[in-house]
Amino acid sequence: MQISDGFALSIDDHVATLRIDRPEKRNAMSAGMWRALPGILAPLAQDPAVRVLVLTGAGGTFCAGADISEIAGLAENGDGTGATVIAERALTEFPKPVIAMIEGFCVGGGCQLALACDLRIAARDARFAITPAKLGIVYPLSSTRRLVEHVGPSAAKLLLYSADQIDAGHALRLGLVDEVLPPESLAERVYGLARTMASRSQLTLAASKEVVDGRADEARFREWQKESATELAEGVAAFLERRLPHFRWTW
């Protein structure tokens, strides 16, 4: 279902697929698309029918970055108010698991979006590059820090200084992606993993994401522990009775 210029959304079995849908431009993100993304994500965050989000691209390409013809209007001014940074933040703060399913090119702003997801699973023929040095752009502060967190300082400098493309195998070795699969196996792995996540305790997933991302202090952690009592009782009972658990906590 087309929900906005440049995006399509579908929901099946508690898994939402948000597809960047501008294949004639290799899914390059227009200024309007960057600005629309937070508003698309907000209702999905509140929808109990959605437990996992898959972000991908149409036509065999993830995202070729920001639309160069509109790049001047997307320049980040350093105060976190740029459209790309706000969109990136909306992805990082999305409370549910987000998987980037990457085919083809994942370049510039495409890497920015992918790194804002929780997991990145790529096809073996995918290609990656972080290209601000080709355009004279200073990569956003938050994006640069997130890149360093994933690949380390030296690899981040290599990607930023050279702006060269790397293949999926190289991206896996650097830590830019989490798994690499044959193209024909990509969707099966991503949606199998997404359905597995959707079947687990959603309270555990929500708490884990907050803790891992550093957004839960001690008081919040104790709240999560207190709230988990009912889930734990069901999980233990299901284990002892050799049945699937029926967890009650919902988003």
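To keep it simple, each residue is scored yes or no on (1) within 23 Å of Trp251 (Cα to Cα); (2) under 16 Å from the mean Cα position of the chain (by Cα).
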| residue | (1), (2) |
| --- | --- |
| Ser4 | no, no |
| His14 | yes, no |
| Met29 | no, yes |
| Leu44 | yes, yes |
| Leu53 | yes, yes |
| Gly59 | no, no |
| Phe62 | no, yes |
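Out of (1) without any contact (Cβ under 8 Å) to a residue 24 or more places away in the chain; (2) closer than 22 Å to Glu103 by Cα; (3) touching an Asp or Glu at 6+ places or on another chain (Cβ under 8 Å), the odd one out for Glu188 is which?
Single failed check for Glu188: (3).
I need the full set of residues from segment 1-40 which are assigned to a strand (DSSP E or B), touching a Phe, Trp or Tyr at 6+ places or on another chain (Cβ under 9 Å) and touching a residue at least 24 places away in the same chain (Cβ under 8 Å), in order please. Step through it out loud before you land on a result.
Kept after step one, since they are assigned to a strand (DSSP E or B), are these residues of segment 1-40: 2-4, 7-12, 15-20, 29.
Those left that are additionally touching a Phe, Trp or Tyr at 6+ places or on another chain (Cβ under 9 Å): 12, 15, 17-20.
Val15, Thr17, Leu18, Arg19, Ile20 - these are the residues of segment 1-40 that are assigned to a strand (DSSP E or B), touching a Phe, Trp or Tyr at 6+ places or on another chain (Cβ under 9 Å) and touching a residue at least 24 places away in the same chain (Cβ under 8 Å).
From the list Arg120, Arg146, which residue is at pLDDT 95 or above and either of a type in the set (Phe, Trp, Tyr) or more than 23 Å from Tyr191 (Cβ to Cβ) (or both)? Give the derivation first.
Numbers: Arg120 fails: either of a type in the set (Phe, Trp, Tyr) or more than 23 Å from Tyr191 (Cβ to Cβ) (or both).
After ruling out the rest, the residue left standing is Arg146.
Could we say that Ala100 is outside the structural domain of Val211 (by TED's automatic domain parsing), closer than 30 Å to Ser201 by Cβ, at pLDDT 95 or above and out of contact with any helix residue (DSSP H, G or I) (no Cβ under 8 Å at 6 or more places or on another chain) here?
Taking the combined requirement at face value, the residue does not satisfy it.
The values are calculated or read from the model by the stated rules, or taken from the named source; none is laboratory data. Predicted model, so just to flag it, every value in this text is computed and none were measured. Ideal geometry is used to build each Cβ from the backbone, glycine not excepted, and the neighbour counts take in all protein chains shown.
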